[in-house]
Amino acid sequence: MDTQSYLPVQPGVGMEENFLSLDDILLSHERLPIRTECSFPRLGFLDKSSDSQDIPEGTKMELPLWLSKGLYEKKRRVLSVELPKVYREGWRTVFNADPNVVDLHKMGPYYYGLGSQMLHFDSPENPEIAQTLLQTFMGRFRRNMDSSQNAYNEDTSALVERLDCLEKALFSSGQSGLNSFQSWEKGRASQLTASSLVLNYRKRKINDIQP
Amino acid sequence: MFCEKAMELIRELQRSSEGQLPAFNEDGLRQVLQEMEALYEQNQTDVNEAKADGRADLIPSIKLRHCCLLRNQRCLTAYLYDRLLRIRALRWEYGSVLPANVRFHMCAEEVQWFSHYKKSLASFMRSLGGAEGLDITQDMKPPKSLYIQVRCLKDHGELEIDDGTVILLKKNSQHFLPRWKCEQLIRQGVLEHVMS
């Protein structure tokens with residue numbers, strides 16, 4: 001079995017975010033369409049389409065998730081968050097019809113993560129969004145698990161390219177399980193191997209010499 | 001937009017996957033800190049103005065900048081912490097002496113942290129298993145025999161084993177050596193474990 005001594009901080013589960021997880025930081029950088037409900041004086045330079053000094057009330061712009069989450073308040077209306085296209089009614093019917101045909105990498109790549117984060121904003125469609133996320137995951141999981149457990153010594157790039165980040169992580173852990181099982185069957189499990197970190201460093205060195 | 005510099009740092013780590021340590025980006029770090037300083041100062045003037053003149057309309061802007069400050073803080077903390085995790089992994093993969101090209105990527109504080117980590121790991125291992133101590137970085141996979149067959153992948157000079165015999169590790173030569181002596185060298189890619 002290939003033991004890795006570097007274990008990155010795991011991303012949070014569901015609506016939670018893990019403060020130190022790199023994945024969650026990248027996820028919360030996804031941009032959301034918003035509408036301001038009050039004016040932001042002296043920050044006009046953030047909105048590139050206008051020249052005024054302030055961001056006036058009712059401006060439509062895109063803000064990263066972390067900023068929308070930080071500014072959003074239930075009691076005081078500072079901004080309203082609109083749903084990104086893939087979580088709206090039209091796309092939800094597509095997902096419900098057949099989740100397997102959708103390219104989630106193009107949609108996301110943090111389709112599930114961003115979708116769960118959308119539940120922080122009070123929207124009347126929240127229950128439907130949550131339901132669609134769950135159904136999509138369940139619909140795709142069977143096929144995903146099947147391919148990760150059976151594609152041995154094959155080029156998996158075609159299988160992986162349409163997966164969401166969460167599914168990719170599941171796929172690769174399925175693959176590593178399959179690989180270590182195969183090496184156990186061949187009696188190679190007790191063979192000592194060079195650490196993959198060291199091997200990768202050696203690769204890099206050659207690149208440095210020949211740029 | 002604010003916080004783009006901090007995101008660059010995070011992306012840089014994410015790109016170098018499998019626990020490789022990219023060079024310490026001191027310049028990027030300084031730029032983020034400068035941005036935070038600027039944000040803080042702008043906020044300070046706005047807060048003073050809001051207090052003095054009772055301008056409540058400034059509050060949303062103050063809050064926006066404050067969110068950016070917190071975000072920058074989060075990114076920097078995550079950057080430094082993830083690097084520490086990678087450096088800690090290096091201790092287990094390479095042993096206590098790092099090759100120069102890896103050490104070159106660490107900043108002075110990280111080198112210091114690494115030597116502290118080394119020391120506390122060593123004193124923990126000394127406290128285990130009686131007077132001799134116990135090397136817990138050995139035998140990551142359960143051993144089947146005490147001696148194993150190894151092949152040299154590159155010239156590594158001489159190696160002395162317990163009974164005083166000196167063995168010359170020459171490229172493509174094969175040896176039958178005590179497992180505990182080779183495990184680290186195998187992990188470093190100097191030797192290859194040959195299974196019959």
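The values are calculated or read from the model by the stated rules, or taken from the named source; none is laboratory data. None of these values were measured; they are calculated from a predicted model. Heads up, the Cβs are rebuilt from the backbone with ideal geometry, glycines too, and the neighbour counts pull from every protein chain shown.
What is the number of the single condition among (1) among the charged types (D, E, K, R); (2) surrounded by fewer than 17 Cβ atoms within 10 Å (Cβ to Cβ); (3) at pLDDT 90 or above that residue A:122 does not meet?
Answer for residue A:122: the failing condition is (3).
So residue A:102 ticks every box in (1) more than 14 Å from chain B (Cβ to nearest Cβ); (2) exposed (fewer than 14 other Cβ atoms within 10 Å of the Cβ); (3) not polar (S, T, N, Q) but one. Which box is left unticked?
Of (1) more than 14 Å from chain B (Cβ to nearest Cβ); (2) exposed (fewer than 14 other Cβ atoms within 10 Å of the Cβ); (3) not polar (S, T, N, Q), only one is false for residue A:102: (2).
If a residue has to be in contact (Cβ under 8 Å) with a residue 24 or more places away in the chain and of a type in the set (A, V, I, L, M, F, W, C) to count, how many in segment B:122-158 make the cut?
So the count comes out to 7.
Taking interchain pairs and intrachain pairs at least six residues apart, which have beta carbon atoms under 8 angstrom, with the first residue in segment B:181-196 and on the phi > 0 side of the Ramachandran plot and the second outside any helix (DSSP H, G or I) and at pLDDT below 85?
B:189/A:194; B:189/A:195
Could you list all residues from segment A:141-193 that are of a type in the set (A, V, I, L, M, F, W, C), part of a loop (DSSP other than H, G, I, E, B) and under 17 Å from the mean Cα position of the chain (by Cα)?
Matches in segment A:141-193: A:163 only.
Residue-wise test of (1) closer than 13 Å to residue A:120 by Cα; (2) more than 28 Å from the chain's Cα centre (by Cα).
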site: A:45; (1), (2): no, yes
site: A:53; (1), (2): no, yes
site: A:57; (1), (2): no, yes
site: A:64; (1), (2): no, no
site: A:70; (1), (2): yes, no
site: A:82; (1), (2): yes, no
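If residue B:20 meets every condition in (1) more than 10 Å from chain A (Cβ to nearest Cβ); (2) surrounded by 14 or more Cβ atoms within 10 Å (Cβ to Cβ); (3) at pLDDT below 90 apart from one, which number is that one?
(1)
Exactly one condition in (1) more than 14 Å from the chain's Cα centre (by Cα); (2) touching a residue at least 40 places away in the same chain (Cβ under 8 Å) is false for residue B:89; which is it?
(1)
For segment B:4-17: of the residues being within 17 Å of the chain's Cα centre (by Cα) and surrounded by 17 or more Cβ atoms within 10 Å (Cβ to Cβ), which is farthest from residue A:30 (Cα to Cα)?
Of everything passing the filter in segment B:4-17, B:13 is farthest from residue A:30 (Cα to Cα).
Are any residues in segment A:37-65 in a helix (DSSP H, G or I) and either in contact with a Lys or Arg (Cβ under 9 Å, 6 or more places away or on another chain) or within 10 Å of chain B (Cβ to nearest Cβ) (or both), and if so, which ones?
A:45, A:46, A:65, listed by residue number.
Among the listed residues A:142, A:188, which satisfies the condition of being free of Cβ contacts under 8 Å to residues at least 24 places away in the same chain, among the basic types (Lys, Arg) and loosely packed, with under 11 Cβ neighbours inside 10 Å?
From the options A:142, A:188, the qualifying one is A:142.
May I ask you to list the residues in segment B:92-114 that are at the interface with chain A (Cβ under 8 Å from one of its Cβ atoms) and either under 23 Å from residue A:9 (Cα atoms) or among the charged types (D, E, K, R) (or both)?
Scanning segment B:92-114 gives B:92, B:93, B:94, B:102.
Based on what the data block shows, is residue B:63 more than 8 Å from chain A (Cβ to nearest Cβ) and either modelled with pLDDT of 95 or more or more than 30 Å from residue B:186 (Cα to Cα) (or both)?
Numbers: more than 8 Å from chain A (Cβ to nearest Cβ): no; either modelled with pLDDT of 95 or more or more than 30 Å from residue B:186 (Cα to Cα) (or both): yes.
Criteria not met by residue B:63.
May I ask you to list the residues in segment B:68-90 that are within 8 Å of chain A (Cβ to nearest Cβ), surrounded by fewer than 20 Cβ atoms within 10 Å (Cβ to Cβ) and over 16 Å from residue B:13 (Cα atoms)?
Passing the criteria: only B:70.
One line per residue, one yes/no per condition, for (1) among the basic types (Lys, Arg); (2) closer than 27 Å to residue B:29 by Cβ; (3) surrounded by 15 or more Cβ atoms within 10 Å (Cβ to Cβ); (4) touching a helix residue (DSSP H, G or I) at 6+ places or on another chain (Cβ under 9 Å):
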| position | (1), (2), (3), (4) |
| --- | --- |
| B:102 | no, yes, yes, yes |
| B:122 | no, no, no, no |
| B:128 | no, no, no, no |
| B:147 | no, no, no, yes |
| B:156 | no, no, yes, yes |
| B:165 | no, no, no, no |
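Based on this model, can you work out whether residue B:1 counts as loosely packed, with under 15 Cβ neighbours inside 10 Å and facing chain A (nearest Cβ under 7 Å)?
Spelling it out, residue B:1 is indeed loosely packed, with under 15 Cβ neighbours inside 10 Å and facing chain A (nearest Cβ under 7 Å).
Within segment A:13-23, take every residue that is over 13 Å from residue A:114 (Cβ atoms) and modelled with pLDDT under 90 and give me the one that is farthest from the other protein chains (Cβ to nearest Cβ).
Applying the filter and picking the extreme gives A:13.
Report, by residue number, each residue of segment B:23-57 that is within 20 Å of the chain's Cα centre (by Cα) and either within 14 Å of chain A (Cβ to nearest Cβ) or surrounded by fewer than 18 Cβ atoms within 10 Å (Cβ to Cβ) (or both). Even if it seems obvious, please write down each step before you answer.
The initial filter retains those residues of segment B:23-57 that are within 20 Å of the chain's Cα centre (by Cα), namely B:23-29.
If the condition is that a residue be within 20 Å of the chain's Cα centre (by Cα) and either within 14 Å of chain A (Cβ to nearest Cβ) or surrounded by fewer than 18 Cβ atoms within 10 Å (Cβ to Cβ) (or both), then B:23, B:26, B:27, B:28, B:29 are the ones that fit.
Here are some conditions: (1) surrounded by 14 or more Cβ atoms within 10 Å (Cβ to Cβ); (2) under 22 Å from residue A:26 (Cα atoms). Residue A:161 meets all but one. Which one does it not meet?
Evaluating residue A:161 over (1) surrounded by 14 or more Cβ atoms within 10 Å (Cβ to Cβ); (2) under 22 Å from residue A:26 (Cα atoms) leaves (1) as the failure.
When segment A:26-38 is examined, which residues are found to be crowded, with 18+ Cβ neighbours inside 10 Å and without any contact (Cβ under 8 Å) to a residue 40 or more places away in the chain?
Across segment A:26-38, the qualifying residue is only A:29.
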